[in-house]
Amino acid sequence: MLDNTDKQLLELIQKDCRLTNAQLAAELNISASSCWRRIKSLEDIGLITGYHASIDRNIAGFAFSAIVHVSLSRQKADTVSTFVNAIRNRPEIMDCYATTGDADYHLRVVVEDINAFNKFLDEFLFPLPGIAHVKSNIVLKDVKQGGHLPFKIVGR
């Protein structure tokens, strides 16, 4: 169970993971050693799973983005396992969600341009066993991304 200090700490880390332990402790009005122990504990239980930098995909040369809806022809364990393992190993797939509704999976794919996307579809996605249907929505503009978990802090 997280207390208010843990929740505030997680909010701070989500906003800027480059804050030093001393800066976090000062912001939370706790000692540096207590702050370090809290972070270590949150890492140990698997709540904090890593730290990363947010990179502008357009400036980095990945101007094309699409949401790809994938339906499998069958939900047999080996088909699903093959699909999931293949998806996990593709760097251009930023996110993958197993969902209910018309498609079994939704992928967020980021590549350099339309030609790279077409190659991704033709050489990787379409040949995967068990693919029944693929539908793509081209992203026109990133409205919001990289959101943070909305911790409820008592007394705020």
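Tabulated data
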{"read-out": "Residue in the range 61-75 that is without any contact (Cβ under 8 Å) to a residue 24 or more places away in the chain and not β-branched (Val, Ile, Thr) present", "value": "no"}
{"read-out": "Any hit, the range 52-68, residues being in contact with a helix residue (DSSP H, G or I) (Cβ under 6 Å, 6 or more places away or on another chain) and polar (S, T, N, Q)", "value": "no"}
{"read-out": "Residues satisfying the stated conditions in the range 131-156, i.e. of a type outside the set (D, E, K, R), out of contact with any Ser or Thr (no Cβ under 6 Å at 6 or more places or on another chain) and at pLDDT 95 or above", "value": "131, 134, 136, 137, 138, 140"}
{"read-out": "Those helices (runs of 4 or more DSSP H) lying entirely in the range 1-91 with at least 2 residues among the acidic types (Asp, Glu)", "value": "4-15, 32-44"}
{"read-out": "Test: residue in the range 87-98 that is over 17 Å from the mean Cα position of the chain (by Cα) and over 30 Å from residue 9 (Cβ atoms)", "value": "no"}
{"read-out": "Out of 108, 74, 57, 88, sole residue that is charged (D, E, K, R) and surrounded by fewer than 10 Cβ atoms within 10 Å (Cβ to Cβ)", "value": "88"}
{"read-out": "Residue match in the range 51-58 (condition: more than 30 Å from residue 131 (Cα to Cα), modelled with pLDDT under 95 and aliphatic (A, V, I, L, M))", "value": "yes"}
{"read-out": "Search result, residues across the range 111-139 that are surrounded by 12 or more Cβ atoms within 10 Å (Cβ to Cβ), over 19 Å from residue 80 (Cα atoms) and of a type in the set (Val, Ile, Thr)", "value": "111, 114, 139"}
{"read-out": "Residue 74, sole failed condition from (1) at pLDDT 95 or above; (2) out of contact with any Cys (no Cβ under 9 Å at 6 or more places or on another chain); (3) farther than 30 Å from residue 19 by Cβ", "value": "(1)"}
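Matching residues to (1) at pLDDT 95 or above; (2) among the acidic types (Asp, Glu):
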site	(1), (2)
45	yes, no
48	yes, no
60	yes, no
67	yes, no
83	yes, no
93	yes, no
122	yes, yes
129	no, no
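The values are calculated or read from the model by the stated rules, or taken from the named source; none is laboratory data. None of these values were measured; they are calculated from a predicted model. So basically every Cβ, Gly included, is an ideal-geometry build from the backbone, and we count neighbours across all protein chains shown.
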